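What follows is a single structure, written as structure tokens, with notes after it.
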Amino acid sequence: MKNTALTHIHESLGAKMVPFAGFNMPVQYEGVNAEHETVRNGVGVFDVSHMGEFLLSGENALALIQKVTSNDASVLEIGRAQYSCLPNNEGGIVDDLIVYRMKENQYLLVVNASNIEKDWNWISSHNDLGVDMRNLSDEYSLLAIQGPKAVEAMQSLTPTDLAAIKYYHFEVAPFAGIENVIISATGYTGSGGFEIYCKNEDAEHIWNKVFETGASFGIKPIGLAARDTLRLEMGFCLYGNDINDTTSPLEAGLGWITKFTKDFVNSENLKKQKEAGVTRKLVGFELTERGIPRHDYEIVDADGNNIGIVTSGTMAPSLGKGIGLGYVKTEFSAIDSPIFIQIRNNKVAAKVVKLPFYKK
């Protein structure tokens, strides 16, 4: 089990630790609901140093990224980031990721912790372009400082105007006295804030400064369980649950990051799928009766016939109702379509709703 540079701090704070993607990670501190509300209304900090980072450099770096990712990275200016995915040859998704344009011919790819080796091997297998690839995953830590008070709470730690960094933009700047920190206006919560990339040896210093400076704003450490409820209220996909090697980006509602203005891995087949139409779609739903949907619960119609499967589900802390994501046959995917979730022996009524579930 790997540790992050901050594992000893989480343990000293009494976090409940669990194995996650090969790492010893904090799942919660004071409780999921309280931590969830801290991020929705104030500011909280996640240690997400288990994520992977690959640095691609050289004159063909963009060409390689264009070949292996579904989105169009040619539109990226230096200081901008883009959500994308790595399609496989079978119509599914190797992983979803964020592409950062660092310099003229240099890009940082941030991938899911559970897929670091898989993604590295996949991208390497397509690198016949002489692109210099470096796996920095074991060298870097990542803190997600999230919530509506994040900008105000952290501003004194950097000369960079945090409020001026637009969504999916970033700056490389001093932060908490450390040079060359990536300050990225990204996150997985839908409540604003930043993700801070730094070297492992600087992580503890930055963590301590963040909590010192944020104390008057009620800053708290947040575990992975609240990260999951926060992302689900936004309808954000989780790899391994809502998307995987067998789900097409078009079925998953990721047509907006699938750009057919270029050729990429399996683009021809995905284009055909778009033209023919998909037979199932990932939808958001909320229960109209009491209950909590869970991963792998069946979705059925009024007669009890199977029409799909729940991929993510929870009792939404901000909404006080059961919500979930799941794949259903396309004819049941329209907004307000009545569906039912099979919870043990009960058919619990639900309806398809527009995402995100949580609206500020």
Listed by range, strands (runs of 3 or more DSSP E) wholly within the stretch 1-84 having at least 1 residues that are of a type in the set (D, E, K, R) and within 20 Å of the chain's Cα centre (by Cα) are 44-47, 52-57
Identify, by number, the condition in (1) closer than 26 Å to residue 281 by Cα; (2) over 17 Å from the mean Cα position of the chain (by Cα) that residue 106 doesn't meet. (1)
What number of residues within the stretch 244-289 satisfy the criterion of being farther than 26 Å from residue 341 by Cα and touching a residue at least 40 places away in the same chain (Cβ under 8 Å)? 13
Would you check which residues across the stretch 302-326 are farther than 19 Å from residue 251 by Cβ and either of a type in the set (S, T, N, Q) or outside any strand (DSSP E or B) (or both) and list them? 302, 303, 304, 305, 314, 317, 318, 319, 320
Here is a check on your reading of the model: is residue 131 buried (at least 21 other Cβ atoms within 10 Å of the Cβ), touching a residue at least 12 places away in the same chain (Cβ under 8 Å) and within 18 Å of residue 102 (Cα to Cα)? yes
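Matching residues to (1) part of a strand (DSSP E or B); (2) modelled with pLDDT of 95 or more; (3) within 18 Å of the chain's Cα centre (by Cα); (4) farther than 24 Å from residue 201 by Cβ:
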| position | (1), (2), (3), (4) |
| --- | --- |
| 115 | no, yes, yes, yes |
| 124 | no, yes, no, yes |
| 133 | yes, yes, no, no |
| 145 | yes, yes, yes, no |
| 152 | no, yes, no, yes |
| 163 | no, yes, no, yes |
Residues of the stretch 282-301 satisfying the condition of being buried (at least 17 other Cβ atoms within 10 Å of the Cβ), under 23 Å from the mean Cα position of the chain (by Cα), over 17 Å from residue 253 (Cβ atoms) and not β-branched (Val, Ile, Thr): 293, 295, 297
Which condition breaks for residue 262 when tested against (1) touching an Asp or Glu at 6+ places or on another chain (Cβ under 7 Å); (2) closer than 25 Å to residue 125 by Cα; (3) crowded, with 18+ Cβ neighbours inside 10 Å? (3)
Can you pull out the residues in the stretch 179-198 that are outside any loop (DSSP other than H, G, I, E, B) and crowded, with 19+ Cβ neighbours inside 10 Å? 181, 182, 183, 184, 193, 194, 195, 196, 197, 198
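The values are calculated or read from the model by the stated rules, or taken from the named source; none is laboratory data. Just so it is clear, the structure is predicted and the values come from calculations on it, not from any experiment. Note that each Cβ is placed from the backbone with ideal geometry, even for glycine, and that neighbours are counted across all protein chains shown.
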